[in-house]
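Report on the structure given below.
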């Protein structure tokens, strides 16, 4: 094979790889929009294929069934989201023992996601899917855990630095309530828009980013205070045997 033939073959493989990547990106973008709008159960392989303008056989060739397609959609933007949050947490960590606040820590954890959701419809669609998955069980729960648990553990460890007196149980209860309000706010359901007659908008992601850390931090402090609710897995004073 001549040098020219080798270069021609290499260029053909490159173009084929680019076409494959373009096709997969097109399918994932349309699937992301479909899942965000209709939820998992409201979407079919055929509906995504129709939206993307491709044949269902190509969809199945690249992604298999709907479950695998959904997992590919969910995993696609997770590295970007995790990297942004880990970078923000890492940048804030030196402050934890030097005047740092719980509000500042929570802002570092949550703001990157809200800023991404504010970029464009694609990132907003992904945010809606994260909200959907975080309120689901079964395979959805496994997907959420696989994708985001490592960053969540980093946050809990950083919270322990700011709240050294708090038990691990209270810190994880705190995270439970934090992640509920956080991902619900990513879902932009529109309910608060209707409830407030347009005074508040659920897609005002930067406004949420400014307010949610303040709200959540107050609750965590109350929960983790020495006179706060007792640990459920620890014996109360009444349960302890007299010495």
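A short reminder: the numbers here are calculations on the coordinates, not readings from a lab. Since the structure is predicted, the reported quantities are computational estimates derived from the model, not experimental observations. Neighbour counts run over all protein chains shown; Cβ positions are idealised from the backbone, glycine included.
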Checklist entry - Using Cα pairs under 8 angstrom and six or more residues apart, how large is the relative contact order of the range 77-224, in percent? => result 31
Item to check | Alpha-carbon spread of the range 76-180, three principal axes, descending order, Å | outcome: 38, 30, 18
Checklist entry - Label residue 181 and residue 120 with points 7 Å out from Cα along Cα→Cβ: what is the distance between them in nm? => result 3.2
Item to check | Residue among 41, 125, 204 with the largest mean-square fluctuation in a Gaussian network model of the chain, springs linking Cα atoms under 10 Å | outcome: 41
Checklist entry - Which angle from 0 to 90°, rounded to the nearest 10, does the C-alpha axis of helix 102-117 make with the longest principal axis of the chain? => result 20
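Test of understanding: ordering 161, 220 by Cβ neighbours within 10 Å, fewest first, what list do you get? Intermediate results must be reported in sequence, preceding the final value.
Details: 161 12, 220 26.
Fewest-to-most Cβ neighbours within 10 Å comes out as 161, 220.
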Checklist entry - So how far, in whole Å, is the C-alpha centre of the range 66-93 from the one of the range 136-181? => result 15
Checklist entry - residue 199 versus residue 82, label points 7 Å from Cα toward the beta carbon: distance in nm? => result 4.1
Checklist entry - How far is helix 139-162 tilted off the main Cα axis of the chain, in degrees rounded to 10, range 0 to 90? => result 40
Item to check | Cβ-based exposure ranking for 2, 179, in which fewest neighbours within 10 Å come first | outcome: 2, 179
Checklist entry - Do the sum for the chain: with -39,500 (n - 2.57) for every DSSP H run of n ≥ 4, divided by all residues, what is the mean residue ellipticity at 222 nm, to the nearest 500 deg cm²/dmol? => result -24000 deg cm²/dmol
Checklist entry - With r defined as the distance between the Cβ atoms of residue 169 and residue 141 and R0 fixed at 22 Å, what FRET efficiency is calculated, to the nearest 0.05? => result 0.60
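Could you state the per residue volume, in Å³, of the convex hull enclosing the Cα atoms of the range 156-231?
Working: hull volume 7.6 nm³, N = 76.
Residue-normalised Cα hull volume stands at 100 Å³.
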